[in-house]
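I have placed the structure first, in the form of structure tokens, so that the comments after it can refer back to it.
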């Protein structure tokens, strides 16, 4: 019998998109699923849709809770799950019918029990992407260094929904209370304790773009800067010394670049001094480690220098279009 995969779906006011997500789950060629719908205090018809779905599919159950946020909903789902693997789709997205079967093959590639398998994704505004046609997929193994390179690569977007996690490898790990980028924080911590993962070269997940998404809210960018600066610093400070030497430079470089962007964003705002004070503390605590790491060449010295000269940094950021 196929191993049990727990599909954990946080649901909050997603009535217009949830049916597509639920249809994608039921259409999976991997059928041994535990479907856990966390209704996070929805005020629209989402709760009713969840209950109707659970009544029609014996593999599904619904947990209704007071609105607590995405991170809390995912944590509740983990605590309630019993599967060997975990999959965290968003309620307003959908995915290819063979996604879980292909990710299962990847996470057990060559008979090795990898902690994680990752597939590609496609941004779409349509709800009619082809989820049925056969897909060709190639597999490659990413080292720990490769995982961190993928997080902080140019244009990368680190999410939880394009991954299949081996439950035993995230024992004790939970999402933390950040308003934005909880996925990044979760994966930063996971990548720091695993040695490798498998990448699937195929776009199997469809990330639906719509006006009500968190990333399109007016205050989203500032909140994202704030959360990512705080989590990069926190994750670096939580690393043991041996990990600081092997992977800490990725977190430091990300931290210093994000502090530049954050300070530039708030330059004319009321909370400028608060943000600048936070960044000064983080810079003081980490500057020696950043400058002494053997990575990024002269670029890190430029990034460090610009953190001391925010007005010059602003000119360069505007000039470069970032």
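Summed over region 22-69, residues that are assigned to a helix (DSSP H, G or I), touching a helix residue (DSSP H, G or I) at 6+ places or on another chain (Cβ under 7 Å) and in contact (Cβ under 8 Å) with a residue 40 or more places away in the chain total 1. Tell me, yes or no, whether region 224-236 has at least one residue that is under 14 Å from residue 158 (Cα atoms), in contact (Cβ under 8 Å) with a residue 60 or more places away in the chain and buried (at least 21 other Cβ atoms within 10 Å of the Cβ). No, every residue in region 224-236 fails to be under 14 Å from residue 158 (Cα atoms), in contact (Cβ under 8 Å) with a residue 60 or more places away in the chain and buried (at least 21 other Cβ atoms within 10 Å of the Cβ). Of all the criteria given as (1) more than 14 Å from the chain's Cα centre (by Cα); (2) outside the structural domain of residue 293 (by TED's automatic domain parsing); (3) at pLDDT 95 or above, the one not satisfied by residue 126 is (3).
Just so you know, in region 280-304 the residues that are touching a residue at least 24 places away in the same chain (Cβ under 8 Å) and under 23 Å from residue 319 (Cα atoms) include one that is surrounded by the fewest Cβ atoms within 10 Å (Cβ to Cβ), and it is 296.
Of the residues making up region 246-257, not a single one is modelled with pLDDT of 95 or more, under 25 Å from the mean Cα position of the chain (by Cα), closer than 18 Å to residue 145 by Cβ and exposed (fewer than 11 other Cβ atoms within 10 Å of the Cβ).
Conditions (1) out of contact with any helix residue (DSSP H, G or I) (no Cβ under 7 Å at 6 or more places or on another chain); (2) in a helix (DSSP H, G or I); (3) within 30 Å of residue 119 (Cα to Cα), marked per residue:
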| site | (1), (2), (3) |
| --- | --- |
| 201 | yes, no, yes |
| 206 | yes, no, yes |
| 227 | yes, yes, yes |
| 231 | no, yes, yes |
| 235 | no, yes, yes |
| 245 | yes, yes, yes |
| 269 | yes, no, no |
| 280 | yes, yes, no |
| 286 | no, yes, no |
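Residue 13 is checked against (1) closer than 19 Å to residue 208 by Cα; (2) buried (at least 21 other Cβ atoms within 10 Å of the Cβ) and fails just one. What number does that condition carry? Of (1) closer than 19 Å to residue 208 by Cα; (2) buried (at least 21 other Cβ atoms within 10 Å of the Cβ), only one is false for residue 13: (2). Determine if region 137-153 includes at least one residue that is assigned to a loop (DSSP other than H, G, I, E, B) and over 27 Å from residue 233 (Cα atoms). The answer is yes, given that some residue of region 137-153 is assigned to a loop (DSSP other than H, G, I, E, B) and over 27 Å from residue 233 (Cα atoms). For residues in region 208-225 being modelled with pLDDT under 90 and assigned to a loop (DSSP other than H, G, I, E, B), which is nearest to residue 183 (Cα to Cα)? The selected residue is 213.
Taking the listed residues 106, 117, 91, the one that is farther than 25 Å from residue 258 by Cβ, touching a strand residue (DSSP E or B) at 6+ places or on another chain (Cβ under 6 Å), part of a helix (DSSP H, G or I) and in the same structural domain as residue 47 (by TED's automatic domain parsing) is 106, with no other qualifying. Scanning region 142-155 for residues that are out of contact with any helix residue (DSSP H, G or I) (no Cβ under 6 Å at 6 or more places or on another chain) and either under 28 Å from residue 77 (Cα atoms) or buried (at least 18 other Cβ atoms within 10 Å of the Cβ) (or both) turns up 142, 144, 150, 151. Only residues that are surrounded by 11 or more Cβ atoms within 10 Å (Cβ to Cβ), more than 23 Å from residue 235 (Cβ to Cβ) and in contact with a helix residue (DSSP H, G or I) (Cβ under 9 Å, 6 or more places away or on another chain) were counted across region 305-322, and they come to 8. Has region 71-82 got any residue that is farther than 19 Å from residue 186 by Cα, part of a loop (DSSP other than H, G, I, E, B) and in contact (Cβ under 8 Å) with a residue 60 or more places away in the chain? Yes: region 71-82 contains one or more residues that are farther than 19 Å from residue 186 by Cα, part of a loop (DSSP other than H, G, I, E, B) and in contact (Cβ under 8 Å) with a residue 60 or more places away in the chain.
Quick check on my filter: what residues within region 1-12 are modelled with pLDDT of 95 or more, out of contact with any helix residue (DSSP H, G or I) (no Cβ under 6 Å at 6 or more places or on another chain) and either in a helix (DSSP H, G or I) or more than 17 Å from residue 98 (Cβ to Cβ) (or both)? Of everything in region 1-12, those that are modelled with pLDDT of 95 or more, out of contact with any helix residue (DSSP H, G or I) (no Cβ under 6 Å at 6 or more places or on another chain) and either in a helix (DSSP H, G or I) or more than 17 Å from residue 98 (Cβ to Cβ) (or both) turn out to be 4, 6, 9, 12.
The values are calculated or read from the model by the stated rules, or taken from the named source; none is laboratory data. None of these values were measured; they are calculated from a predicted model. Counting neighbours? That spans all protein chains shown, and the Cβs are built from the backbone with ideal geometry, glycine included.
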